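Asks: Sharing a structure below in structure tokens format, with a few things to ask.
The values are calculated or read from the model by the stated rules, or taken from the named source; none is laboratory data. Everything numeric in this text was worked out from a predicted model, so none of it was measured. Quick reminder, even Gly has a Cβ in these numbers, built from the backbone with ideal geometry, and neighbours come from all protein chains shown.
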Amino acid sequence: MVLHYESLGHQIPTQVNPAEFLLEIVNTDFAKNRKLATVSLDEMQQAWIASDRAKQLSMMIAKTEQKGNTNEITLEAAEKKPSIPSLVVTLLHRSFIKSYRDVVAYGIRLAMYTGLAIMMGTVWLRLAEDQSSIIPLTNAIFYGSAFMSFMAVAYVPAFLEDRSQYVKEHHNGLYGAAELIISNFLIGLPYLCKSSTCH
């Protein structure tokens, strides 16, 4: 591509992505002079049609079509999709990288739960084991449950990000809801076990 457009007089500057440079050349929507940009685009198209590279490409396509299915992937192999365990493993790997990098989703929650465990443990040890401590014990249990519920909200930004990514990839036919749910369950299991042992 670089050699072809340089032969047409479009020198690609150094340290510039050739694809972005090409998009700027062929995009007529934001050109100052759209008529001139359209004419230039037509000239580039005609130059490609008349070029040796285009003729070689056409010959290669024609040869491939003549060979038929000898060197082509069969339709069954092309339509074969990964198995559910393979998809789950792939999603697990991606979720592990994300959870490792996302401090808010796991790190802060783990720190807050550890703080809650220490606080609840010290409060619990100070209370007496008779009838007079029933109300404080009930309040402590309610506070601990409410705190864990509120801390679940810390995962909402990560969930929204996961959801938008799932919607896009599900529409592209990459995987379904079952694979995502299984991978999310498995990736969260060690974290929940660690949190419960801290408590």
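Asks: Kindly indicate whether Thr114 is touching a residue at least 60 places away in the same chain (Cβ under 8 Å) and part of a helix (DSSP H, G or I).
Replies: Yes.
Asks: Something else now. When you go through Phe185, Phe142 one by one, which is the residue that is modelled with pLDDT of 80 or more and either in contact with an Asp or Glu (Cβ under 8 Å, 6 or more places away or on another chain) or closer than 24 Å to Ile84 by Cα (or both)?
Replies: Working: Phe142 fails: either in contact with an Asp or Glu (Cβ under 8 Å, 6 or more places away or on another chain) or closer than 24 Å to Ile84 by Cα (or both).
Just a single option satisfies the conditions, and that option is Phe185.
Asks: Taking the options Ala158, Ala154, Ala140, name whichever one is more than 30 Å from the chain's Cα centre (by Cα), in contact (Cβ under 8 Å) with a residue 12 or more places away in the chain and surrounded by 11 or more Cβ atoms within 10 Å (Cβ to Cβ). I'd like the intermediate steps shown before the answer.
Replies: Details: Ala158 fails: more than 30 Å from the chain's Cα centre (by Cα); Ala154 fails: more than 30 Å from the chain's Cα centre (by Cα).
Among Ala158, Ala154, Ala140, only Ala140 is more than 30 Å from the chain's Cα centre (by Cα), in contact (Cβ under 8 Å) with a residue 12 or more places away in the chain and surrounded by 11 or more Cβ atoms within 10 Å (Cβ to Cβ).
Asks: How many residues are closer than 16 Å to Tyr5 by Cβ and out of contact with any helix residue (DSSP H, G or I) (no Cβ under 9 Å at 6 or more places or on another chain) if we restrict to region 27-36? Before you say what the answer is, go through the steps one by one.
Replies: Step one: list which residues in region 27-36 are closer than 16 Å to Tyr5 by Cβ, which gives 27.
Going one step further and asking which of them are out of contact with any helix residue (DSSP H, G or I) (no Cβ under 9 Å at 6 or more places or on another chain), we end up with none.
Selection size over region 27-36: 0.
Asks: So, of the residues in region 160-182 that are farther than 18 Å from Phe96 by Cβ and polar (S, T, N, Q), which turns out to be modelled with the lowest pLDDT?
Replies: Filtering region 160-182 for residues that are farther than 18 Å from Phe96 by Cβ and polar (S, T, N, Q), the one modelled with the lowest pLDDT comes out as Asn172.
Asks: Which of the helices (runs of 4 or more DSSP H) found entirely inside region 44-104 contain at least 3 residues meeting this: among the small types (Gly, Ala, Ser), modelled with pLDDT of 75 or more and more than 18 Å from Leu174 (Cβ to Cβ)? Step through it out loud before you land on a result.
Replies: Numbers: elements: 52-67, 75-79, 84-101.
Output list reads 52-67.
Asks: Right, another one. State all residues of region 149-183 that are among the aromatic types (Phe, Trp, Tyr) and under 25 Å from Arg109 (Cβ atoms); if no residue qualifies, say none.
Replies: Answer for region 149-183, where residues must be among the aromatic types (Phe, Trp, Tyr) and under 25 Å from Arg109 (Cβ atoms): Phe150, Tyr155, Phe159, Tyr166.
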